[in-house]
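To keep things clear, I will list the structure first and then write my remarks on it.
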Amino acid sequence: MAENDVLRHDAGKERYMVELRNVSKIYHTPKGREIRAVDGVTLLVPKGKIFGVIGSSGAGKSTLIRLINVLERPTSGEVLIDGDDLLALPERELSRKRRSVGMIFQQFNLLESRTVFGNVALPMELAGVPKEERVKRAAKLIARVGLSDRIRQYPESLSGGQKQRVAIARALALSPKVLLSDEATSALDPANTEAILELIRTINRETGITVILITHEMDVVKSICDEVAIISGGKLVEQGPVREIFSRPKTEVAKEFIRTTVTTKLPSDLEEKLRKDPDGAEKAYLRIFFTADSEESPLIHAASEKFGDLFDIISSGIETSSGVKFGSEIISCPAGISAAAVAFLAARHVSSEVLGYV
Ligand SMILES: Nc1ncnc2c1ncn2[C@@H]1O[C@H](COP(=O)(O)OP(=O)(O)OP(=O)(O)O)[C@@H](O)[C@H]1O
Ligand SMILES: [Mg+2]
């Protein structure tokens, strides 16, 4: 092997906490049909980052995460955690190494028969951590997630957000290098969602733990992830730093997810008047989506030059994420030119939709 290859491998070991190399997972239905739940995915998760994996229902997110925590073996490809090929290890060694991956779930998966303390201490009991150390560490973790006053309570007396805090403390019990989160905030209300994401972010900053966060919500990605991978139909369709994906989404799937984070609304009186049918209408209302470097004013300017001063900006919602501007604007124009306007924008790689006519 060339010296370069050796160096390259070492460099990889330094930089990436999780590496998936051309990983596929194929299931077979009882009728023998193949389901490619994960299809040829190559993914590099840098150490210490919060890495988002986003996809719609059935995209293969949970399957992917089960491959990373080695609960499932890939049909083909390699899975490396901190440079180690876990699947090549004998079973005993594997279960020890598995401790380097902690996990939290949408439904918390707490043991109802155990107290907060009992839940957090469980992984340490199973791993044979001595009692004194167990007690000390569990108390410290429970304090870390802000639940010291609930330590003797049972899960049924806790709110969803509190249950997820217990689950986070439990996931951290054996000091993992990676924390996997499968839709951990999907069952929570917006306030608890924000608090749990904030807690994950703080733990990431304080401990340097690598986080892989599975979600179907782009708002979650926007609020805490450094990088994001988008999967669709088991395939990885786009991957990169969050700000880059927001500023230059390449695929329609990515654009669609970004659109869901954009909330510009029509004034409600106008919304009530809006019709779907352009016949006899005077004005059309359009929503335009900006993805950062498509600056809004030169575009409207160019549109005005082409169509005359026919566009009015009704409302504008430009947001900033990681220093990148993106958002949407609602404009009106004469109904007769709405189709031409959409085509004009599309030619400049700006997506838009006709909301209706008045
Ligand atoms: N054990 C299994 N046996 C057969 N098919 C499976 C199995 N697990 C998952 N699948 C199929 O693989 C595909 C991906 O499923 P997966 O649960 O990974 O999606 P997901 O992105 O997590 O979806 P959701 O957002 O609904 O949780 C789906 O078509 C699913 O039906
Ligand atoms: Mg899932």
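The values are calculated or read from the model by the stated rules, or taken from the named source; none is laboratory data. In this text, all values refer to a predicted model and were calculated from it rather than measured experimentally. Ideal geometry is used to build each Cβ from the backbone, glycine not excepted, and the neighbour counts take in all protein chains shown.
Of note:
- Breaking point among (1) in contact with a helix residue (DSSP H, G or I) (Cβ under 7 Å, 6 or more places away or on another chain); (2) in a helix (DSSP H, G or I), for E206: (1)
- Applying a threshold of 6 Å to beta carbon distances and a minimum spacing of six or more residues, or different chains, the list of pairs starting in segment 209-226 at a residue that is assigned by TED's automatic domain parsing to the domain that holds A173 and within 11 Å of T193 (Cα to Cα) and ending at one that is away from ligand 1 (no atom under 16 Å from the Cβ) and at pLDDT 90 or above reads S223/L197.
Results for (1) in a strand (DSSP E or B); (2) touching a Gly at 6+ places or on another chain (Cβ under 7 Å), shown as yes or no for each residue.
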| position | (1), (2) |
| --- | --- |
| V18 | yes, no |
| V23 | yes, yes |
| Y27 | yes, no |
| G32 | no, no |
| I35 | yes, no |
| L80 | yes, no |
| G102 | yes, no |
| F108 | no, no |
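- Residue count, segment 179-201 (criterion: part of a helix (DSSP H, G or I) and either in contact with a Gly (Cβ under 9 Å, 6 or more places away or on another chain) or farther than 22 Å from L158 by Cα (or both)): 7
- Count - residues of segment 38-60 that are surrounded by fewer than 22 Cβ atoms within 10 Å (Cβ to Cβ) and either near ligand 1 (Cβ under 10 Å from one of its atoms) or of a type outside the set (A, V, I, L, M) (or both): 10
- Enumeration of residues in segment 310-324 that are modelled with pLDDT of 75 or more and of a type outside the set (G, A, S): L310, F311, D312, I313, I314
- Looking across segment 82-100, just one residue is touching a residue at least 60 places away in the same chain (Cβ under 8 Å), touching a Lys or Arg at 6+ places or on another chain (Cβ under 7 Å) and assigned to a helix (DSSP H, G or I), and that is S100.
- Residue check, A339 modelled with pLDDT of 80 or more, within 30 Å of A229 (Cα to Cα) and more than 28 Å from the chain's Cα centre (by Cα): no
- Filter pass, A143 being part of a helix (DSSP H, G or I) and surrounded by 15 or more Cβ atoms within 10 Å (Cβ to Cβ): no
- Any chance S148 is loosely packed, with under 13 Cβ neighbours inside 10 Å, within 19 Å of I203 (Cβ to Cβ), in the same structural domain as E217 (by TED's automatic domain parsing) and at pLDDT 95 or above: yes
- Any hit, segment 241-251, residues being more than 22 Å from V350 (Cβ to Cβ) and assigned to a helix (DSSP H, G or I): no
- Segment 67-81, residues that are within 16 Å of ligand 2 (Cβ to nearest atom), surrounded by 14 or more Cβ atoms within 10 Å (Cβ to Cβ) and either of a type in the set (A, V, I, L, M, F, W, C) or free of Cβ contacts under 8 Å to residues at least 40 places away in the same chain (or both): L67, I68
- Screening E252 on (1) exposed (fewer than 12 other Cβ atoms within 10 Å of the Cβ); (2) at pLDDT 90 or above shows it passes everything except condition (2).
- Pairs meeting the criteria (first residue in segment 50-64 and on the phi > 0 side of the Ramachandran plot, second residue in a loop (DSSP other than H, G, I, E, B) and more than 6 Å from ligand 1 (Cβ to nearest atom), beta carbons under 7 Å, at least 6 apart or on different chains) are G60/G234.
- Annotation note: Cβ proximity below 8 Å between a residue of segment 232-251 that is on the phi > 0 side of the Ramachandran plot and a residue that is of a type outside the set (F, W, Y) and outside any strand (DSSP E or B) (sequence gap 6+ or interchain) occurs for G233/A59; G233/G60; G234/A59; G234/G60; G234/T63.
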